[in-house]
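**Q** One structure is given below, represented as structure tokens, and several questions about it will come after.
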Amino acid sequence: MEALGHLLQGFAAALTPGYLLYAFVGCMLGTLIGVLPGLGPAAGTAILIPLTFSLDATGAIIMLCAIYYGAMYGGTITSVLINVPGEAASVVTCIDGHQMAKQGRAGSALGIAAIGSFVGGTLATVALVAVAMPLASLALKFGPAEFFALMVAGLCLVVGLAGNNMMAALLMTVIGLLFAMIGVDPVRGAPRFTFGVEELYDGIGFVPVVMGLFGVAELLLAAEKRQTHMVEAELKSWMPTRQECRQSVGAIGRGTVVGFVLGLIPGVGAIVPTFMAYVLEKRVSKTPERFGKGAIEGVASAETANNAYANASMVPLLALGIPSSPTIAVLMGAFIVNGITPGPFLFKEQPALVWTVIASFFVGNALLLILNLPLVGLWAKLLKIPFSYMCAGVLIFCVIGAYGLKQSLFDVWVMLGFGILGYLLRKLDFPIAPAILALILGPMMERSLRTTLEISGGSFAIFLDRPVALALLAIPVIVIGFLLFKPRSLAPLRESDIE
Amino acid sequence: MRQGRLVATGAMLAFCLFALWQSLLLSLTDRLGPGPGFFPFWLALIGIVLSLALLVSIWREPRPATDASIEEVRILPHGWGALRCLAIVGLLAAVTIAMEFVGFRLAMLVFNAALVIALGERRWWIIAVFAVLGSFGVYYLFTTWLDVLLPTGQFGI
């Protein structure tokens, strides 16, 4: 009941014209980013951070969250129309979505994707309301030892489930943590690894790093392939028939459950729930042979799971302060840039902000539905933008984003350096996600560990005396141990597995 | 690919060794508990172990077959792809230097035009419109509407 009261107050704020406008603009920009192939939600959210510099904290977070789930939906349009997923999670949608487009049913596919996204996103947000506050209350009982263990567990789950190469993922985590050590020591205030460079006293800025690793690196990869622009696809209607809606009801329900449950687990990544929901739907179908040939349930299940996952992944962020994916890490960075630390204290210290943001998820999901059904044709036209202009446009945003936060050209150099680094690491198959999460969690992890050891007088045995911390530390040991010695048949899910 | 991964892991090993050395220059513990060097020291040590293990693991990977296509082996871009990548990196570096002297608007005006030309655009009037909108237009949008300060350079432009 308490949550409901807070939520209603959140709605009162989220429905004010200003915040509605931010959600609207965020959904539009997010969809645009999702539509443009090569720019995923993480890159999109990162490069659009400068747009929120002048907004108040609540408005900035509302807009960035709307960009995030807008981008998650936007990828569907290109998947269906031209068989090019705008972001990784839309890969599964290509399977049946593009077949439907070839049969002249693109409108039905996009319509059911919008409806499924709305239902999945909304129901996941309802579940978020029910789960987040009790989880945050539980986390409030945590001491620094438990928080350290929680962050180690979160990072290791991401390492275990996001990377194809376990050892490389672990090394990338350590490299990210070491970069997080640059700047003033968070406990004693002593400068570390600054080499007398004044700009490094504040540490390596998160915004320039993500803009480099995602924005600039993505563009370099695209430039290398000599990408020009995509073809135009024909679109006749945008509504599924009554029979198609009936066929999709079960798929939407199951997709919501799969997306929500997997969204709660850090590191799963958006592609896993969409794939799992698709496979589940094929298993329960009486006519599985239709899948891959334009089955609307295939599109409905994947898209619903995708948006349910996107909303559910906010639970670990808001309740525990643990980002479960690179995009959520970018959002967490944006929270911190705005002076807000996500985690259990957020519900206690800034209830107005957190409930307004949660209410805005409902509003954003509704806006996405209203926007995307009639505007599909317009989004499809965006695919005609030549790469040269898209590249220059994105780079303008990257430069402004890197410079604008601290008015420092040094940060633009940091962005460029990390852009080149990100490009090389991607080419060499080193996973970037663990490094990003480590960079943002590093200072908090260090503070928790050192406080724990100060309490215990330097003894690590304190972790043995705290059962919750011990149990949390056991999770990464089990996960990493299992993944290191797993049978070959349980190799991590890759995009190629779906193709 | 294998060679590239070996070089990259070697670079990470060097980075961890450097971090270990630097953390030893800081105090690892003091009378209150762990000092500023404590966490980076252990991280660097774990990083060294992991990079050594990864080096061994990559070294033991099968070498690419002699008939493997060049594309499978090549890491760095080549031909037109390399030129396009170099254009992006070079122009981004140039605009960062130029912004300090001539400000955002002029630097971005030249950057936008040069980049779209380097990436294949040849219609001069579209290039001109895009360059002006992407520099003066963007400057106006961010400084006036979004209150974001952008460099004005030594001439206040």
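The values are calculated or read from the model by the stated rules, or taken from the named source; none is laboratory data. Quantities reported herein were computed from a predicted structural model and do not represent experimental measurements. We place every Cβ from the backbone using ideal geometry, glycine too, and count neighbours over all the protein chains shown.
**Q** Identify the residue in segment B:16-29 that is surrounded by fewer than 19 Cβ atoms within 10 Å (Cβ to Cβ) and closer than 25 Å to A:Pro431 by Cβ and, among all such residues, is nearest to the chain's Cα centre (by Cα).
**A** The qualifying residue nearest to the chain's Cα centre (by Cα) is B:Phe18.
**Q** May I pose another question? Quickly run through segment A:385-395 and pick out the residues that are among the hydrophobic types (A, V, I, L, M, F, W, C), more than 11 Å from A:Val216 (Cα to Cα) and assigned to a helix (DSSP H, G or I).
**A** Selection gives A:Phe387, A:Met390.
**Q** Right, something else. Condition first: touching a residue at least 12 places away in the same chain (Cβ under 8 Å), surrounded by fewer than 20 Cβ atoms within 10 Å (Cβ to Cβ) and polar (S, T, N, Q). Now tell me which residues in segment A:4-60 satisfy that.
**A** If the condition is that a residue be touching a residue at least 12 places away in the same chain (Cβ under 8 Å), surrounded by fewer than 20 Cβ atoms within 10 Å (Cβ to Cβ) and polar (S, T, N, Q), then A:Gln9 is the only one that fits.
**Q** Let me ask something else about it. How many residues does segment A:344-389 hold that are aliphatic (A, V, I, L, M), more than 27 Å from A:Ala132 (Cα to Cα) and within 22 Å of the chain's Cα centre (by Cα)? Walk me through it before giving the result.
**A** As a first pass, look at segment A:344-389 and keep what is aliphatic (A, V, I, L, M): A:346, A:352-354, A:357-359, A:363, A:366-371, A:373, A:375-376, A:378, A:380, A:382-383, A:385.
Filter once more, so that each one left must be more than 27 Å from A:Ala132 (Cα to Cα): A:370-371, A:373, A:375-376, A:378, A:380, A:382-383, A:385.
From what is left, the residues that are within 22 Å of the chain's Cα centre (by Cα) are A:371.
Going through segment A:344-389 one residue at a time, the tally reaches 1.
**Q** Among the residues of segment B:16-30, what is the count of those that are more than 7 Å from chain A (Cβ to nearest Cβ) and either of a type in the set (Phe, Trp, Tyr) or in a loop (DSSP other than H, G, I, E, B) (or both)?
**A** Of the residues in segment B:16-30, 5 are more than 7 Å from chain A (Cβ to nearest Cβ) and either of a type in the set (Phe, Trp, Tyr) or in a loop (DSSP other than H, G, I, E, B) (or both).
**Q** Among the residues of segment A:181-217, count how many are without any contact (Cβ under 8 Å) to a residue 24 or more places away in the chain, assigned to a helix (DSSP H, G or I) and not hydroxyl-bearing (Ser, Thr, Tyr).
**A** So the count comes out to 2.
**Q** Does B:Ala87 satisfy being surrounded by 14 or more Cβ atoms within 10 Å (Cβ to Cβ), facing chain A (nearest Cβ under 7 Å) and assigned to a helix (DSSP H, G or I)?
**A** Numbers: surrounded by 14 or more Cβ atoms within 10 Å (Cβ to Cβ): yes; facing chain A (nearest Cβ under 7 Å): no; assigned to a helix (DSSP H, G or I): yes.
No: the conditions fail for B:Ala87.
**Q** Something else: Could you please find all residues in segment A:415-470 being free of Cβ contacts under 8 Å to residues at least 12 places away in the same chain, in a helix (DSSP H, G or I), within 21 Å of B:Phe39 (Cα to Cα) and within 12 Å of chain B (Cβ to nearest Cβ)?
**A** A:Leu453, A:Glu454, A:Ser456
**Q** Kindly evaluate B:Leu109 against the criterion of being at the interface with another protein chain (Cβ under 9 Å from one of its Cβ atoms) and in contact with a helix residue (DSSP H, G or I) (Cβ under 9 Å, 6 or more places away or on another chain).
**A** Details: at the interface with another protein chain (Cβ under 9 Å from one of its Cβ atoms): no; in contact with a helix residue (DSSP H, G or I) (Cβ under 9 Å, 6 or more places away or on another chain): yes.
When the stated conditions are applied, B:Leu109 does not pass them.
**Q** Same structure again: May I ask you to list the residues in segment B:132-157 that are outside any loop (DSSP other than H, G, I, E, B) and within 11 Å of chain A (Cβ to nearest Cβ)? Break it down into steps so the answer makes sense when it comes.
**A** First, the residues of segment B:132-157 that are outside any loop (DSSP other than H, G, I, E, B): B:132-145.
If the condition is that a residue be outside any loop (DSSP other than H, G, I, E, B) and within 11 Å of chain A (Cβ to nearest Cβ), then B:Leu133, B:Gly134, B:Ser135, B:Gly137, B:Val138, B:Tyr139, B:Leu141, B:Phe142, B:Thr143, B:Thr144, B:Trp145 are the ones that fit.
**Q** Anything in segment A:445-464 that is hydrophobic (A, V, I, L, M, F, W, C) and buried (at least 17 other Cβ atoms within 10 Å of the Cβ)? List them, or say none. Don't jump to the end; show me each part of the working.
**A** Within segment A:445-464, the subset hydrophobic (A, V, I, L, M, F, W, C) is A:445, A:449, A:453, A:455, A:460-464.
If the condition is that a residue be hydrophobic (A, V, I, L, M, F, W, C) and buried (at least 17 other Cβ atoms within 10 Å of the Cβ), then A:Met445, A:Leu449, A:Leu453, A:Ile462, A:Phe463 are the ones that fit.
**Q** Another question, if that's okay. Which residues, taken from segment B:45-58, are within 7 Å of another protein chain (Cβ to nearest Cβ) and not small (Gly, Ala, Ser)? Walk me through how you get there before you give the answer.
**A** Going through segment B:45-58, the residues within 7 Å of another protein chain (Cβ to nearest Cβ) turn out to be B:46-47, B:50-51, B:53-54, B:57.
Of everything in segment B:45-58, those that are within 7 Å of another protein chain (Cβ to nearest Cβ) and not small (Gly, Ala, Ser) turn out to be B:Ile46, B:Leu50, B:Leu54.
**Q** Follow-up. Could you tell me whether A:Gly121 is at pLDDT below 85 and either surrounded by 23 or more Cβ atoms within 10 Å (Cβ to Cβ) or β-branched (Val, Ile, Thr) (or both)? So that I can check it myself, show each step before the final result.
**A** Working: at pLDDT below 85: no; either surrounded by 23 or more Cβ atoms within 10 Å (Cβ to Cβ) or β-branched (Val, Ile, Thr) (or both): yes.
The answer is no for A:Gly121.
**Q** Between A:Val394, A:Val399, A:Val412, which is surrounded by 20 or more Cβ atoms within 10 Å (Cβ to Cβ), more than 23 Å from the chain's Cα centre (by Cα) and either within 14 Å of chain B (Cβ to nearest Cβ) or free of Cβ contacts under 8 Å to residues at least 24 places away in the same chain (or both)? Break it down stepwise before answering.
**A** Values: A:Val394 fails: more than 23 Å from the chain's Cα centre (by Cα); A:Val399 fails: more than 23 Å from the chain's Cα centre (by Cα).
Only one candidate qualifies: A:Val412.
**Q** Looking at (1) at pLDDT below 90; (2) out of contact with any Leu (no Cβ under 9 Å at 6 or more places or on another chain); (3) in a helix (DSSP H, G or I), can you tell me which one B:Val129 breaks?
**A** Only one criterion in (1) at pLDDT below 90; (2) out of contact with any Leu (no Cβ under 9 Å at 6 or more places or on another chain); (3) in a helix (DSSP H, G or I) is unmet by B:Val129, namely (1).
**Q** Conditions first: (1) in contact (Cβ under 8 Å) with a residue 40 or more places away in the chain; (2) more than 20 Å from the chain's Cα centre (by Cα); (3) facing chain A (nearest Cβ under 7 Å). B:Ile75 passes all but one, so which condition is the exception?
**A** Of everything listed in (1) in contact (Cβ under 8 Å) with a residue 40 or more places away in the chain; (2) more than 20 Å from the chain's Cα centre (by Cα); (3) facing chain A (nearest Cβ under 7 Å), B:Ile75 misses just condition (2).
**Q** Hey, any hits in segment A:261-275 for a residue that's within 14 Å of chain B (Cβ to nearest Cβ) and modelled with pLDDT of 85 or more? Before the answer, list the steps.
**A** We begin by selecting, within segment A:261-275, every residue within 14 Å of chain B (Cβ to nearest Cβ); these are none.
No: zero hits.
**Q** Looking at (1) surrounded by fewer than 23 Cβ atoms within 10 Å (Cβ to Cβ); (2) over 19 Å from B:Asp147 (Cβ atoms); (3) facing chain B (nearest Cβ under 10 Å), find the lone condition where A:Leu405 falls short.
**A** The one condition A:Leu405 does not meet is (2).
**Q** Kindly evaluate A:Leu219 against the criterion of being modelled with pLDDT of 85 or more, more than 25 Å from B:Leu17 (Cα to Cα) and crowded, with 16+ Cβ neighbours inside 10 Å.
**A** Working: modelled with pLDDT of 85 or more: yes; more than 25 Å from B:Leu17 (Cα to Cα): yes; crowded, with 16+ Cβ neighbours inside 10 Å: yes.
Yes, satisfied.
**Q** Take A:Val158 and tell me if it is farther than 30 Å from A:Gly5 by Cα and either surrounded by fewer than 20 Cβ atoms within 10 Å (Cβ to Cβ) or within 24 Å of the chain's Cα centre (by Cα) (or both).
**A** On the way: farther than 30 Å from A:Gly5 by Cα: yes; either surrounded by fewer than 20 Cβ atoms within 10 Å (Cβ to Cβ) or within 24 Å of the chain's Cα centre (by Cα) (or both): yes.
The answer is yes for A:Val158.
For (1) in contact with a His (Cβ under 9 Å, 6 or more places away or on another chain); (2) surrounded by 15 or more Cβ atoms within 10 Å (Cβ to Cβ); (3) more than 9 Å from chain A (Cβ to nearest Cβ), each residue gets a yes or a no:
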residue	(1), (2), (3)
B:Arg5	no, yes, no
B:Ala11	no, no, yes
B:Ala14	no, no, yes
B:Leu32	no, no, no
B:Phe39	no, yes, no
B:Leu43	no, yes, no
B:Glu61	no, no, yes
B:Ile97	no, no, no
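**Q** Going by what's in this entry, would A:Met167 be described as within 13 Å of another protein chain (Cβ to nearest Cβ) and either surrounded by fewer than 20 Cβ atoms within 10 Å (Cβ to Cβ) or among the aliphatic types (A, V, I, L, M) (or both)?
**A** Details: within 13 Å of another protein chain (Cβ to nearest Cβ): yes; either surrounded by fewer than 20 Cβ atoms within 10 Å (Cβ to Cβ) or among the aliphatic types (A, V, I, L, M) (or both): yes.
Here the answer is yes, as A:Met167 does meet what is asked.
**Q** In addition: Restricting to segment A:264-295, name every residue that is part of a helix (DSSP H, G or I) and in contact with a Lys or Arg (Cβ under 8 Å, 6 or more places away or on another chain). Working first, answer last.
**A** Keep residues of segment A:264-295 that are part of a helix (DSSP H, G or I), which gives A:271-284, A:288-290.
Residues satisfying the conditions are A:Ala277, A:Leu280, A:Glu281, A:Val284, A:Pro288.
**Q** Among the residues of segment A:95-116, is any under 22 Å from A:Ile271 (Cα atoms) and within 18 Å of the chain's Cα centre (by Cα)?
**A** Looking through segment A:95-116, none of the residues is under 22 Å from A:Ile271 (Cα atoms) and within 18 Å of the chain's Cα centre (by Cα).
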